[in-house]
Amino acid sequence: MLKHAITYTDFQPGDVLGEAVTTFDGSMTHAWRRIFGKPAGGSDTEGAERASLAIILMMRAYCSVVTPRPPGNVHARQRFHLHGVPLPGESIRTVVSCSGKEIKRERRYVELRTEGSGNDGRPLFTGDMTIVWAR
Amino acid sequence: MGSVNSVCAFATVSLVVDAASIQAYAELTDDFNPIHIDPVFAATTPMGGVIAHGTMSICLIWQMLQKNLGADVFKSPALDVRFLKPVREGELLTAGGSPNASAPGLFDVWVRGTDGSERIVGTLWLPANAPAALIQGADK
C-alpha cells in the first residue's frame with residue numbers, strides 16, 4: 001500500500017523519527033571519488049573525503065528515515081558539527097529527530113536533527129538541517 | 001558571515017557540476033528528490049529547473065579547508081552554512097574562504113557559481129583547543 005507523503009503538519013518537534021544504520025564501506029569511497037576525484041598527496045588528504053562521507057551518511061539517514069517525502073523540498077541551511085570521521089568498515093548509526101518547525105513568509109520550515117555515532121557509540125556528528133517543506 | 005572582517009583569502013577548489021555528477025551524488029546519498037534529477041518536474045517548481053544537492057557544495061568546502069588547513073581541521077569543526085541560491089546543472093562551483101579577524105578559530109566560507117555569485121555562505125568554528133597555527137588559519 002502506498003503511504004502518503006509526509007506533510008508539514010505531520011512533524012512534531014521533539015519527536016524521534018527513527019534511525020538508520022549504514023556500514024561505511026569501500027563502495028561509498030569509490031562513488032565519492034567518481035564525483036570529486038581521488039585525493040592527491042597521500043593519506044593526509046583523506047580528511048576531506050571522510051568528512052564528506054559523514055555528510056553523506058547524514059543525508060542517507062534523512063532519506064531513509066523521513067520518507068516518503070513530497071517532491072520539491074529545498075535544503076535551506078545546514079549546521080554540522082563533526083566530532084570524528086567515519087572509519088572504513090565502521091557501522092554508523094544515525095538518529096533523526098524533529099527539533100522544530102515554523103511558517104515564515106508562507107514557507108514551511110522544518111528543522112531536523114541528525115546524530116551519528118560509530119562503533120561503541122563513538123560520536124561522529126551532529127547535524128541540524130533546515131528544510132523548506134514542499135507541502 | 002560576509003567578508004568585511006576577512007583577511008588572507010584561502011586557495012580555492014573548483015568542481016564542474018554536470019548531470020552525471022548530480023545523478024551520481026543522488027545515488028550516493030539516496031536522495032532522488034526530482035528537483036535534482038527530473039528536468040520536467042524541476043521546471044514546475046519555484047527553482048525553475050534542476051538544481052544540485054546542497055550538500056555537494058559542502059563536500060567542496062571540506063576539500064578547500066583540507067587544502068588550506070590540512071587534516072587537523074577535521075578535529076571537531078562546526079560548520080554553519082546557508083544555501084542562498086541554487087546551483088544549476090553545468091555550473092563551475094568554486095569554494096573558498098578566509099580567517100575571520102573578529103575571533104580566533106572563526107573562518108568565513110563560501111561557494112560561488114559560474115557567474116561569481118554566492119550560492120553558499122557560512123562560517124566554520126574550530127575548537128579552542130585546536131593548534132594555534134590552525135586557529136590562525138596558517139596550518140599549511
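The values are calculated or read from the model by the stated rules, or taken from the named source; none is laboratory data. Since this is a predicted model, take the numbers as computed values, not measurements. Backbone-built Cβ (ideal geometry, glycine too); neighbour counts: all protein chains shown.
I'd like to check something: does region B:65-77 contain any residue that is closer than 15 Å to B:G113 by Cα and in contact (Cβ under 8 Å) with a residue 12 or more places away in the chain?
No, that holds for no residue.
With the condition being within 11 Å of chain A (Cβ to nearest Cβ), I'd like the strands (runs of 3 or more DSSP E) fully within region B:6-122 carrying at least 1 qualifying residues.
So the answer is B:13-17, B:78-83, B:91-99.
Report yes if A:G121 is under 14 Å from the mean Cα position of the chain (by Cα) and under 28 Å from A:E46 (Cβ atoms), otherwise no.
When the stated conditions are applied, A:G121 does not pass them.
What tally of residues in region A:44-59 results from selecting those that are facing another protein chain (nearest Cβ under 7 Å) and closer than 19 Å to B:N68 by Cβ?
Residues flagged as facing another protein chain (nearest Cβ under 7 Å) and closer than 19 Å to B:N68 by Cβ within region A:44-59 amount to 7.
Of everything in region A:104-120 that's outside any strand (DSSP E or B) and without any contact (Cβ under 8 Å) to a residue 12 or more places away in the chain, which residue is farthest from the other protein chains (Cβ to nearest Cβ)?
Looking at residues that are outside any strand (DSSP E or B) and without any contact (Cβ under 8 Å) to a residue 12 or more places away in the chain, I get A:D120.
Run A:V110 past the list (1) more than 15 Å from A:D10 (Cα to Cα); (2) under 17 Å from the mean Cα position of the chain (by Cα) and report the number of the one that doesn't hold.
It is condition (1) that A:V110 fails.
Report, by residue number, each residue of region B:83-117 that is more than 16 Å from B:F10 (Cα to Cα) and among the acidic types (D, E).
B:E89, B:E91, B:D115
Yes or no, residue by residue, for (1) surrounded by fewer than 18 Cβ atoms within 10 Å (Cβ to Cβ); (2) over 26 Å from A:A134 (Cα atoms); (3) of a type outside the set (A, V, I, L, M, F, W, C); (4) more than 8 Å from chain B (Cβ to nearest Cβ):
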| residue | (1), (2), (3), (4) |
| --- | --- |
| A:D10 | yes, no, yes, yes |
| A:A20 | no, no, no, yes |
| A:T23 | yes, yes, yes, yes |
| A:G26 | yes, yes, yes, yes |
| A:A61 | no, no, no, yes |
| A:T94 | no, no, yes, yes |
| A:E102 | yes, no, yes, yes |
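Pick out the one residue from B:D80, B:D108, B:D115 that is crowded, with 19+ Cβ neighbours inside 10 Å, modelled with pLDDT of 95 or more and among the acidic types (D, E).
Every option except B:D108 fails the conditions.
Could you check, for region A:80-89, whether at least one of its residues is of a type in the set (V, I, T), within 13 Å of another protein chain (Cβ to nearest Cβ) and either under 12 Å from the mean Cα position of the chain (by Cα) or farther than 16 Å from A:L53 by Cα (or both)?
Taking every residue of region A:80-89 in turn, none turns out to be of a type in the set (V, I, T), within 13 Å of another protein chain (Cβ to nearest Cβ) and either under 12 Å from the mean Cα position of the chain (by Cα) or farther than 16 Å from A:L53 by Cα (or both).
Among the residues of region A:64-75, count how many are facing chain B (nearest Cβ under 8 Å), buried (at least 18 other Cβ atoms within 10 Å of the Cβ) and not in a loop (DSSP other than H, G, I, E, B).
Matching residues across region A:64-75 total 2.
Listed residues A:L87, A:L57, A:L82; which is under 26 Å from A:E46 (Cα atoms) and surrounded by fewer than 18 Cβ atoms within 10 Å (Cβ to Cβ)?
Of the residues listed, the single one that is under 26 Å from A:E46 (Cα atoms) and surrounded by fewer than 18 Cβ atoms within 10 Å (Cβ to Cβ) is A:L87.
Condition check ((1) surrounded by fewer than 18 Cβ atoms within 10 Å (Cβ to Cβ); (2) touching a strand residue (DSSP E or B) at 6+ places or on another chain (Cβ under 7 Å)) across all residues:
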residue: B:V13; (1), (2): no, yes
residue: B:A20; (1), (2): yes, no
residue: B:P34; (1), (2): yes, no
residue: B:I37; (1), (2): no, no
residue: B:G48; (1), (2): yes, no
residue: B:C59; (1), (2): no, no
residue: B:L84; (1), (2): yes, yes
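Tally the residues that are of a type outside the set (A, V, I, L, M) and under 22 Å from B:L15 (Cβ atoms), restricting the search to region B:39-55.
5
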